[in-house]
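What follows is a single structure, written as structure tokens, with notes after it.
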Amino acid sequence: MSTIRVSEEVKERLRDLKRDDESFNDLLERLSRTEKDVERIAESLPPVDDEEIERMDEARERLNESLEERR
């Protein structure tokens, strides 16, 4: 184990990012994942068909419209 010194402000921001079931070590591990780690995770997921992609696109468009209406 190591000790990492951070300011109180940074500690508070990290605490806000931390999930309830997560240690600070878990948080830092999650935040420090590399693009290759994410690609490896994505490769382990089942393939997404065209119909599912279309549903995701439609959901994204509805969300964007809703966000625009709130501005």
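For region 1-53, a Kirkwood radius taken over Cα pairs fed into Stokes-Einstein (25 °C, viscosity 0.890 mPa s) yields D = 177 µm²/s. Computed over the chain, the per-residue total of -39500 (n - 2.57) for DSSP H runs of n ≥ 4 gives a 222 nm mean residue ellipticity of -21500 deg cm²/dmol, rounded to 500.
Could you tell me whether region 28-71 comes out rounded, prolate or oblate from its Cα gyration tensor? Rule is a ≥ b ≥ c as square roots of the eigenvalues, rounded for a/c under 1.5, then prolate if a/b exceeds b/c, otherwise oblate. Mind showing how you got there, number by number?
Values: a/c = 5.04, a/b = 1.44, b/c = 3.49.
Oblate, because a/c is 1.5 or more while a/b does not exceed b/c.
Under a Gaussian network description of the chain, with springs only between Cα atoms under 10 Å, the residue in Asp50, Asp26, Asp37 that fluctuates furthest is Asp50. Hey, for a label at Arg33 modelled as a point 7 Å past Cα toward Cβ, could you say which residues of region 51-69 have their backbone N under 12 Å away? From region 51-69, the list is empty.
Keeping the other protein chains in place, figure out the carbon and sulfur percent of the accessible area of the chain, with a 1.4 Å probe. Don't skip to the end; give the middle numbers.
Numbers: 3470 of 7110 Å².
Carbon and sulfur: 49 percent of the exposed surface of the chain.
The values are calculated or read from the model by the stated rules, or taken from the named source; none is laboratory data. From a predicted model like this one, the values you see are computed outputs, not experimental measurements. For neighbour counting, all protein chains shown are included, and Cβ atoms are generated from backbone atoms with ideal geometry for every residue, glycine included. To get the accessible areas, we keep the full protein, side chains included, count just its heavy atoms, and leave off ligands, DNA and RNA. Shrake-Rupley method; radii C 1.70, N 1.55, O 1.52, S 1.80 Å.
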